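Contents: one structure, followed by commentary.
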Amino acid sequence: MGTVNSLQTTFQVVIMTCCAVGIIVNVFILVIGYLDWATRKKLPNCYMIVSCLSSSRLLLQGTVLYSTLCQGTRHWNVLRVQSALLVLSSTACLWFAACLSAFYCAKIATFTQRHFLLMKLRISGMVPYLLLGSMLVSLISSVPFIWTDFSVHLCNSTRSSVKNTTSDSTVGNISYFKVFIVYLTWMTIPLLFFTASSTLLIASLWRHTKQMRRNMTGFKDLSTQVHSNAIKTLISFLVLYFCSFVDEILLGIPSCLTRNRWKHSICSFIAAVCPSIHSILLIFFNVRLKQTFKGILLSMRCHGGKACS
């Protein structure tokens, strides 16, 4: 029993650490975006999408951090608000990530089909509407969870539904299973968009890289290396996205069907780690963010007393 409690405590510390790292990274991205907007009075489409993605991840990791610190709560009103925030932030993360993938695909991929060329021309003007639509879908997905009956979602040690855990009313107006099925449907749509756009972009980069390698004269071309690194980054994005998607499904499965404590800990760990890693990769994938981050590190080294050049 002591070993189990030690593992649970270790999990909580790791989750809180990952959430803290993710919050710091996303605040950094938002600050850089704000400084760019303040300087130019206009935020580029790419930074606009990344800023929305970072904002949703701040909300997600903040909610995960709160739920980890207050893991023992069974107050129904708190659970409903917490669930609604988790659904809002996680759904927004998936949709904004899909928008970012579609934007990169339209801007970078080199396909010559008519419909793709039309999308390439129109994608910049579509970005504000895509972001607004993503936010509306996320809000619509989260609202039903405020009136959901969570009595089937939480279970006691006998693996039966919790009905009288608090003095609050435990019965909502909407069945949890019905809401979860609708939520799962809403989540599948950005998954399809993300997978399609990322696969097209990877295929385009791979084809372009092979063509450049054929034209090389025996030494490694810098642009070829850049394309290869982009492919690796996009593949890692796909893996992280799928992990986040599966995590949301597992987190939504009623606790009666799984081991409640371990399911919550593992899902919270994935929800904390995947967005943090993806945000860090975004910094190194984006030239502006990468240069600023390197400048901050260099400044810290200088203030630390090391030689600067």
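The values are calculated or read from the model by the stated rules, or taken from the named source; none is laboratory data. Not measured: the values here are computed from a predicted model. Glycine also receives a Cβ, built like all others from the backbone with ideal geometry; neighbour counts cover every protein chain displayed. These accessible areas exclude ligands, DNA and RNA; they are computed on the full protein's heavy atoms, side chains included. Shrake-Rupley method; radii C 1.70, N 1.55, O 1.52, S 1.80 Å.
What order do F269, F245 take when sorted by accessible area (1.4 Å probe), most exposed first?
F269, F245
Under a 1.4 angstrom probe, counting protein chains only, how are L201, L85 ranked by accessible area, largest first?
L85, L201
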Exercise for review: With label points built 7 Å along Cα→Cβ from the Cα atoms of L281 and H115, find their separation and express it in nm.
Suggested key: 2.7 nm
Revision key, fill the gap. Note to self: with every protein chain in place and a 1.4 Å probe, the range 1-137 gives an accessible area per residue in Å² of 49 Å²
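Considering only protein heavy atoms, with the full assembly of protein chains and a 1.4 angstrom probe, order C46, C70 by accessible area, largest first.
Solvent-accessible surface, decreasing: C70, C46.
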Revision key, fill the gap. A chain fully extended from L43 to R288 at 0.36 nm per residue, minus the present Cα-Cα distance, gains in nm 86.9 nm
Check your understanding: Which FRET efficiency value, to the nearest 0.05, do you get for S175 and Q12 by plugging their Cβ-Cβ distance into 1/(1 + (r/R0)^6) with R0 = 35 Å?
Key -> 0.65
Practice item. Could you calculate the FRET efficiency of I140 with N215 from 1/(1 + (r/R0)^6), where r is the beta carbon distance between them and R0 is 51 Å, rounded to 0.05? Key: 0.55
Exercise for review: Starting from 0 in steps of 5 Å, tell me what percent of the Cα-Cα pairs of the range 1-143 lands in each bin.
Suggested key: 2, 9, 14, 16, 16, 14, 10, 7, 5, 3, 2, 1, 0
Review point. Stretch L250-S124 to full length: gain in nm at 0.36 nm per residue minus the Cα-Cα span?
Key: 41.8 nm
